[in-house]
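The values are calculated or read from the model by the stated rules, or taken from the named source; none is laboratory data. Worth saying up front: this structure is predicted, and the values here are computed from it rather than measured. All Cβ positions, glycine included, derive from the backbone under ideal geometry; neighbour counts span all protein chains shown.
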């Protein structure tokens, strides 16, 4: 499955027609959802399939309808973007050196897990520990996430609504 | 003869199941996988599918823009209100244990209400973004 993911990624990078890029991104999201199911993270897989493959594909196609579907020819040299991408990759790889080993026993994520599993049913009566951690023990984080979604929504509305209805900014130029 | 008859008939079968599955994911989140976020996304996806097949005006008749734009802040308000009620009943912000007569019921009520808040905001934000894009395209 990871091989398929790599193949789709190479396809996304090589494709010049943006509609096929969007379709490949949808395929990538479905593969990623399958990876999440293999890792027993069904919640994340549902989100990935619905948002990544479903809604965002539709939104990307909607955006493509408003613009051209062919990728523009680059006007600048590729050296600066190449340097920026290489530097970012180097920083990210350097940062992973500090990460604990995969599956190590003495990291907080492993130490706190059994605690929540033991506490969830007696304290909250909720059998699904993911739900009780998200909504109760870590409720403040979830409130932050909802505010992020809210901010994204009003941001898009503020950008698209104003420019389409011909607000005072458009009249000021005349 | 319309060429999209197959799509229209298939959508009529699929859409109720999608909405029902969204409700299942929402209210069964305590015991199975899922919760407000997943349910909101699935419900929004079903409305978007409806809009793609039956046209934007049909979807707007079912879920008008005004309703969607009211729901975006409403979900955050529901979530935050539950948190403040937790404070008023003598706990910290987002402390659910005093919402009902005992701790277990309080927690279940708190999680239930909070998940509804998440659902409302996620569902309406997805739809608001979709409406904003498609509204420009059809202009």
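Checking residue B:53 against (1) within 30 Å of residue B:4 (Cβ to Cβ); (2) at the interface with another protein chain (Cβ under 10 Å from one of its Cβ atoms), which single condition isn't satisfied?
It fails just one condition, (2).
Okay, residues lined up against (1) surrounded by 10 or more Cβ atoms within 10 Å (Cβ to Cβ); (2) under 30 Å from residue B:106 (Cβ atoms):
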site	(1), (2)
A:73	no, no
A:84	yes, no
A:116	yes, yes
A:127	yes, yes
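Looking only at segment A:91-146, count every residue that is closer than 22 Å to residue B:100 by Cα and outside any helix (DSSP H, G or I) and tell me the total.
5
Are any residues in segment A:1-38 under 18 Å from the mean Cα position of the chain (by Cα) and not in a helix (DSSP H, G or I), and if so, which ones?
none
Here's the yes/no breakdown for (1) closer than 30 Å to residue B:113 by Cα; (2) at pLDDT 85 or above; (3) outside the structural domain of residue A:47 (by TED's automatic domain parsing):
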site	(1), (2), (3)
A:127	yes, no, yes
A:137	yes, no, yes
A:141	yes, yes, yes
A:147	yes, yes, yes
A:150	yes, yes, yes
A:154	yes, yes, yes
A:157	yes, yes, yes
A:162	no, no, yes
A:172	no, no, yes
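State whether one or more residues within segment A:27-49 are surrounded by 10 or more Cβ atoms within 10 Å (Cβ to Cβ) and in contact (Cβ under 8 Å) with a residue 40 or more places away in the chain.
Yes, the conditions are met somewhere in segment A:27-49.
Looking at (1) part of a helix (DSSP H, G or I); (2) crowded, with 21+ Cβ neighbours inside 10 Å, can you tell me which one residue B:29 breaks?
(1)
Scan B:31, B:96, B:24 and give me the residue that is in contact with a helix residue (DSSP H, G or I) (Cβ under 9 Å, 6 or more places away or on another chain), at pLDDT 85 or above and within 12 Å of chain A (Cβ to nearest Cβ).
One residue alone meets the criteria, B:24.
Just to confirm my filter: which helices (runs of 4 or more DSSP H) fall fully inside segment B:33-139 and include at least 1 residues that are in contact (Cβ under 8 Å) with a residue 60 or more places away in the chain and surrounded by fewer than 18 Cβ atoms within 10 Å (Cβ to Cβ)?
By residue number, B:56-62, B:65-88, B:103-137.
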